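Taking it in order: structure first as structure tokens, then the write-up.
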Number of protein chains: 2
Amino acid sequence: MTDQSPAKPPPTDTRLGEIGLSNYAPYLMNRIMGRYNASLRDEMADLGLSTPKMRALAVLSVIDAPLIRELAVYAVVEQSTLSRALDQLAAEGLIRREADATDSRATRVFITEAGRTTFETLWPRMAESYARMFKGIDEAERRAFVGTLQKMLANIRKHEI
Amino acid sequence: MTDQSPAKPPPTDTRLGEIGLSNYAPYLMNRIMGRYNASLRDEMADLGLSTPKMRALAVLSVIDAPLIRELAVYAVVEQSTLSRALDQLAAEGLIRREADATDSRATRVFITEAGRTTFETLWPRMAESYARMFKGIDEAERRAFVGTLQKMLANIRKHEI
DNA sequence: CAGATTTAAATGCATTTGCAAATATCCCGT
DNA sequence: ACGGGATATTTGCAAATGCATTTAAATCTG
């Protein structure tokens, strides 16, 4: 447990006005990701890729043959929405669904060669947005930032993945 | 310009697989905010508050009488969605729309006493989520984290607000 | 091992969303 | 002062979303 940690948690009785929006991390993160996701969405729209489809492809480019339920967590997409996104990706030949070997309720998702190729073409745009985001922020700072994000995710995640 | 900054930007030609999802800041931020927003949304649902309504109230508790267009940026909500959320908040007496004094196209939004009271009751839940998020992260680290977020927002924001 | 419970995924359906168009007003140049 | 374009907000409408349900299969329990 980390309850005895010397790190003082933010006081729960502070008002939002006292913190100020521009010092309130969740606000800033929503602002940043709102813009990031919107700009990515606009760029992907040309390629016929919605946000759920793009995220699924991105995760599949890195994680091999996850269950649909796992993919939903990684891609941060509701499972029912993901199910429909996978229908489209499968119809376009970018992924393939395959029944799990040992649990026939479950389905594993595989990215196809075509899917990988599609992701190769869209990754540079994601990388560009990423680079713009961190412009003027050196590697040490970025590392520290990512380290804090990892702690935060561990704090709030519900699933063990 | 900051182009000559000594900070080396993340290389645009790195693959996502090389970085790894768990070191990729946008992924982590989407995961964290996805969970944070979902849990808040569930809690607010009881109170009859959608995410756009809750965000509008939160911003209005801090920023006085913004234009609707400004409120949309701060609340990270599409303006047409916000317009409808404001209809509901006004019907519930939590906000008031008032024509701008000098520009009769524009509308300023005011939080009412009832709106402030409602926000007072929901803020503790937001503060709790915030505290959980930063559990085990000390103040210095949180400050540094917020500092990086502020730089990132400056990098990617489109509006000057 | 039968029946009850849980889990995985897909689907029906009502709600929400966001784009594009409509409306109203302002601002600029001439 | 007038016409053309810009700006603020609302609204119509089609598409996307997510909750709840369904279907199917696994697991637990007595």
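The values are calculated or read from the model by the stated rules, or taken from the named source; none is laboratory data. Note that this is a predicted model, so its numbers are computed, not measured. Neighbour counts are summed over all protein chains in view; Cβ atoms, including those assigned to glycine, are modelled from backbone coordinates with ideal geometry. We work out accessible area using only protein heavy atoms, side chains counted, and drop any ligands, DNA or RNA first. Shrake-Rupley method; radii C 1.70, N 1.55, O 1.52, S 1.80 Å.
General observations
- Within region A:10-45, considering residues that are at pLDDT below 95 and among the β-branched types (Val, Ile, Thr), the one nearest to residue A:98 (Cα to Cα): A:12
- Test: residue in region A:102-111 that is loosely packed, with under 14 Cβ neighbours inside 10 Å, more than 18 Å from the chain's Cα centre (by Cα) and in a helix (DSSP H, G or I): no
- Positions within region A:87-98 being crowded, with 23+ Cβ neighbours inside 10 Å and within 14 Å of DNA strand D (Cβ to nearest atom), in sequence order: A:89
- Residue ID - most open to solvent (accessible area, probe 1.4 Å), chosen from residues in region B:19-45 that are of a type outside the set (A, V, I, L, M) and in contact with a Ser or Thr (Cβ under 7 Å, 6 or more places away or on another chain): B:41
- Some residue of region B:114-131 being touching a residue at least 12 places away in the same chain (Cβ under 8 Å), of a type in the set (D, E, K, R) and within 14 Å of DNA strand D (Cβ to nearest atom): no
- Some residue of region A:46-60 being on the phi > 0 side of the Ramachandran plot, at pLDDT below 95 and surrounded by fewer than 20 Cβ atoms within 10 Å (Cβ to Cβ): yes
- Residues in region A:131-143 that are open to solvent by 60 Å² or more (accessible area, probe 1.4 Å), within 7 Å of another protein chain (Cβ to nearest Cβ) and either closer than 25 Å to residue B:135 by Cα or of a type in the set (Asp, Glu) (or both): A:138, A:139.
- Close pairs from region A:15-29: first more than 17 Å from residue B:153 (Cα to Cα) and at the interface with chain B (Cβ under 7 Å from one of its Cβ atoms), partner part of a loop (DSSP other than H, G, I, E, B) and at pLDDT 95 or above, Cβ under 7 Å, at least 6 apart: A:16/A:24; A:16/B:61; A:16/B:62; A:17/B:61; A:17/B:62
- The set of residues from region B:53-87 being more than 14 Å from chain A (Cβ to nearest Cβ), under 19 Å from residue B:41 (Cβ atoms) and more than 9 Å from DNA strand C (Cβ to nearest atom) comprises just one member, B:86.
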